Amino acid sequence: PSLDALKDEKILKNSYLEKKFNLNLEKKFFIVIQHPVTSESDISGKQMIETIKAVKKTKIQSLFVLPNNDFGHKSIIKEIKRNKLLWTDTLMLNEYKSLLMKTSILIGNSSSGIHEAASYKIPVINIGTRQNRRLKPRNVLNTNHNRNDIYKKIQYCLNNKNFLKKIKTIKNPYGDGNSAKKILNVLKKINLKLTTQKI
């Protein structure tokens, strides 16, 4: 269903996005979304530092989206603001779609990297354990919270021609943005005259 929601959103003009988020969309940019892992909340700040160091080393403009409010989020926000990075509290769905379609890489541990980025053929660097055991499309590269490993994965996503060629043809295993119609078709076939009594 999240793909359905994105599919229905309009693509915003570059001029609007550039003005609001202080980005130059003529150049490469990253979206970084890193949430806390509640079982690792005591080191959320340190984990964020590793990501920040790797991203800053590339010298490529990056938009950091502040994390959700799970326990450990305050230390992540503190590091983002302390490093004077380009950041936003949140993104409207149409803003997110418009930026996601244009970004060079989605970096962090957001479920969007697992569910939605493949629909737009965008490389994803999935950091840490938050998305463990989830089916991951071929555009997703896993890494741990180590600045050197993250940096290497970024370079791979930017420069490996075989990888970039491969993800141009991937299909999103989570669907095509038409789940609502498919769900409705299933519901229409259900015989509501049969008993629905819970046994």
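The values are calculated or read from the model by the stated rules, or taken from the named source; none is laboratory data. Only a predicted model underlies this, so the values are computations on that prediction, with no experimental measurement involved. No Cβ is skipped: glycine too gets one built from the backbone with ideal geometry, and neighbour counts run over all protein chains shown. The protein model used for the area step is the full one, side chains on, heavy atoms only, and it has no ligands, DNA or RNA in it. Shrake-Rupley method; radii C 1.70, N 1.55, O 1.52, S 1.80 Å.
A few remarks follow.
- Between the stretch 143-159 and the stretch 68-94, the Cα center-to-center distance that results, in Å: 21 Å
- Rounded tilt (10° steps) of 73-82 against the dominant C-alpha axis of the chain: 40 degrees
- Each residue was assigned an accessible area with a 1.4 Å probe, and for TYR120 the value is about 50 Å².
- Options LEU12, VAL65, LEU141, ranked by Cα towards positive dipole end of the chain, top entry (Cβ charges): LEU141
- LYS181-GLU26 pseudo-label distance in nm [points 7 Å out on the Cα-to-Cβ vector]: 4.0 nm
- ARG147 contributes about 90 Å² of solvent-accessible surface, heavy atoms of the protein only, 1.4 Å probe.
- Here the 3J(HN,Hα) profile of the stretch 154-159, calculated from phi with Karplus coefficients 6.51, -1.76 and 1.60 at θ = phi - 60°, is 4, 4, 4, 5, 7, 10 Hz, Gly and Pro shown as x.
- Applying 1/(1 + (r/R0)^6) with R0 = 35 Å to the Cβ-Cβ distance of ASP89 and LYS188 gives a FRET efficiency near 0.30.
- Treating r as the C-beta distance of ASP4 and GLU40 and R0 as 25 Å, the FRET efficiency rounds to 0.20.
- Here the chain is treated with +1 on each Lys and Arg Cβ and -1 on each Asp and Glu Cβ, and its dipole about the Cα centre works out to around 600 debye.
- By definition, a body whose alpha carbon gyration tensor gives a ≥ b ≥ c is rounded when a/c is under 1.5, and the stretch 61-160 falls into this rounded group.
- Listed residues SER44, SER2, SER104, SER39 arranged by accessible area, highest first, probe 1.4 Å: SER39, SER2, SER104, SER44
- Heavy-atom accessible surface of the chain: percent carbon and sulfur, 1.4 Å: 53 percent
- Karplus-derived 3J(HN,Hα) values for the stretch 7-15, using 6.51 cos²θ - 1.76 cosθ + 1.60 with θ = phi - 60°, are 4, 7, 7, 7, 8, 7, 5, 4, 4 Hz; glycine and proline are entered as x.
- Under a model in which nothing but the beta-carbon of Lys, Arg (+1) and Asp, Glu (-1) is charged, the stretch 1-58 shows a dipole of about 420 debye around its Cα centre.
- Formal net charge of residues neighbouring ALA118 (Cβ-Cβ distance under 10 Å; K, R +1; D, E -1): +3
- Amide H to amide H distances under 5 Å link PHE64 with VAL32, LEU86, TRP87, THR88, where only residues 5 or more positions off or on other chains count and H is placed in the peptide plane.
- Heavy-atom SASA rank of LEU86, LEU3 (probe 1.4 Å, accessible area, largest first): LEU86, LEU3
- Where only DSSP H runs of four or more residues are counted, the chain gives -11500 deg cm²/dmol as its mean residue ellipticity at 222 nm, each run worth -39500 (n - 2.57).
- Kirkwood Rh (inverse of mean 1/r, distinct Cα pairs), the stretch 24-106, angstrom: 13.2 Å
- For the chain: accessible area per residue (Å², 1.4 Å): 60 Å²
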